[in-house]
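All remarks here apply to the structure that follows.
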Amino acid sequence: VLGSLPENERDLILSEMARDVEQAHIQEERESQRAVNTISDELEEEIALPGEVERGFGFLNIQNAQRLQEERDQFRQRWGDRPLADHWRRDVSGSTIPGIVADSGQGTDPSGNLRDGSPGQEQSGVLTIDIGSIPVSEAERDSVRGEINRKRFRLGNIFLLQLNMPEEAAGYFQDVVDSGYAPELQPQALYALYEIARQQNRVEDAGRWAGELVSRFPDSEPADQITGSGMQPLDHDSSGDSLSGRFQQVQSEMNNPYERGEALYELVSENPDREEAPFILYQSILAFIESGRSQEGFEAQLNRWYTSRSEWEEQRDTFFAQQDSAYTMLEDSSLSDEEQEYWEEVAESSLADPDFEEAFPYRGELWDRVRRLLQELEELEPAPRIVERANYLRDELSLPSQSQ
């Protein structure tokens, strides 16, 4: 706020602040000294000083140079270079208000001696305010706002990833997006809002955030993650009559994956020439795959399939390593006839491919349909990212006889 005021008004306010603080310090010193004098008079009248304290050096031996030096040494041994000052003086010197520095007249002088405010020592009581840290120019203010947004983004990550509080995190990410500052964080903030909405099954909001991210930052890594996962956003018209509206309605209302896949395929059949058709067909394929994976016993069969393939690959690698060793050994002219015959058999042996058809898990009418839909998707010429994903699915789902 001070940075936005004219220079003459800002100087006036700062001068008044300095004067008020200085007057408050002077008044507190007077009251403190008055209380000490009162206590000193009462003690001298009513209490006899201990034997080791010599009379004539004043209250608490403040005029005994030897005792004062001993106490200074003890203070330094315990506190080091900490100034001998009241708490409020140290608080002011380390104040969270930028630029406020107070010299209480206590601490160390230029020669390194400890100042304690005793008579004969100078007490300046000077209060200075440094206004250099107040942002004045527009560039400085933008820099401060950008730093505030970076802290908001970090808070959003803490609420989302560590505290599992997505609603609170979304508020911080929304602030980062709306403010327009710290532009390097806006793609990540938009992607975080998209992920939160997607995990909460708010399809329309997820599509809106994805669309804004891809349109504003098409070359960013978060946008690439969305398009690469097949989640290319549609035109976010939520009306039930539009293709995107019908797609969003199917995605949000149909929990059964097989029925959702049928409904999405019907949308593609009715609109084969629309730009959105490849994306919707890809989502239909994913729904049918989800339905197939949810069938009873599928996960166990899939695990057996992966285990058998892993064991076969390990066996194959071992066999080829033995053959390589055999070729090397046969070059040794010192082998006996028996050893020569053994390594020749190893080198000339072959390894038969196992029959994976019985263990193959992607069999049945549903998986046959998925393979046909992948072929249809290729004919629609989808985006490169969807082609890459579809090729991976085609290789994974291809029948063992076809993949050999």
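Here the stretch 239-259 is the region considered, the condition is being of a type in the set (D, E, K, R) and at pLDDT below 90, and the residue that is nearest to Ala197 (Cα to Cα) is Glu253. Selection within the stretch 388-399: residues that are assigned to a helix (DSSP H, G or I) and closer than 17 Å to Arg304 by Cα. The member of this set that is farthest from the chain's Cα centre (by Cα) is Leu397. Residues of the stretch 360-387 that are farther than 18 Å from Glu290 by Cα, assigned to a helix (DSSP H, G or I) and in contact (Cβ under 8 Å) with a residue 12 or more places away in the chain: Glu376, Glu378, Arg385. Only residues that are at pLDDT 80 or above and open to solvent by 80 Å² or more (accessible area, probe 1.4 Å) were counted across the stretch 32-66, and they come to 1.
Has the stretch 320-341 got any residue that is at negative phi, hydrophobic (A, V, I, L, M, F, W, C), out of contact with any helix residue (DSSP H, G or I) (no Cβ under 8 Å at 6 or more places or on another chain) and assigned to a helix (DSSP H, G or I)? Checked the stretch 320-341: at least one residue is at negative phi, hydrophobic (A, V, I, L, M, F, W, C), out of contact with any helix residue (DSSP H, G or I) (no Cβ under 8 Å at 6 or more places or on another chain) and assigned to a helix (DSSP H, G or I).
Residues in the stretch 248-279 that are free of Cβ contacts under 8 Å to residues at least 40 places away in the same chain, of a type outside the set (Lys, Arg), assigned to a helix (DSSP H, G or I) and out of contact with any Ser or Thr (no Cβ under 7 Å at 6 or more places or on another chain): Gln249, Val250, Glu253, Glu259, Glu262, Ala263, Glu266, Leu267, Ser269, Glu270. Of the residues Arg316, Arg369, the single one that is under 21 Å from Asp395 (Cα atoms) and open to solvent by less than 80 Å² (accessible area, probe 1.4 Å) is Arg369.
For the stretch 324-331, the criterion of a residue being open to solvent by less than 60 Å² (accessible area, probe 1.4 Å), within 56 Å of the chain's Cα centre (by Cα), at pLDDT 85 or above and not aliphatic (A, V, I, L, M) is satisfied by at least one position. Summed over the stretch 342-354, the residues that are surrounded by fewer than 11 Cβ atoms within 10 Å (Cβ to Cβ) and in a loop (DSSP other than H, G, I, E, B) give a count of 3. Within the set Gly211, Gly230, Gly207, the sole residue that is part of a loop (DSSP other than H, G, I, E, B), modelled with pLDDT under 80 and open to solvent by less than 80 Å² (accessible area, probe 1.4 Å) turns out to be Gly230.
The values are calculated or read from the model by the stated rules, or taken from the named source; none is laboratory data. It should be emphasised that the depicted structure is a prediction, and the values quoted were computed from it without experimental measurement. Ideal geometry is used to build each Cβ from the backbone, glycine not excepted, and the neighbour counts take in all protein chains shown. To get the accessible areas, we keep the full protein, side chains included, count just its heavy atoms, and leave off ligands, DNA and RNA. Shrake-Rupley method; radii C 1.70, N 1.55, O 1.52, S 1.80 Å.
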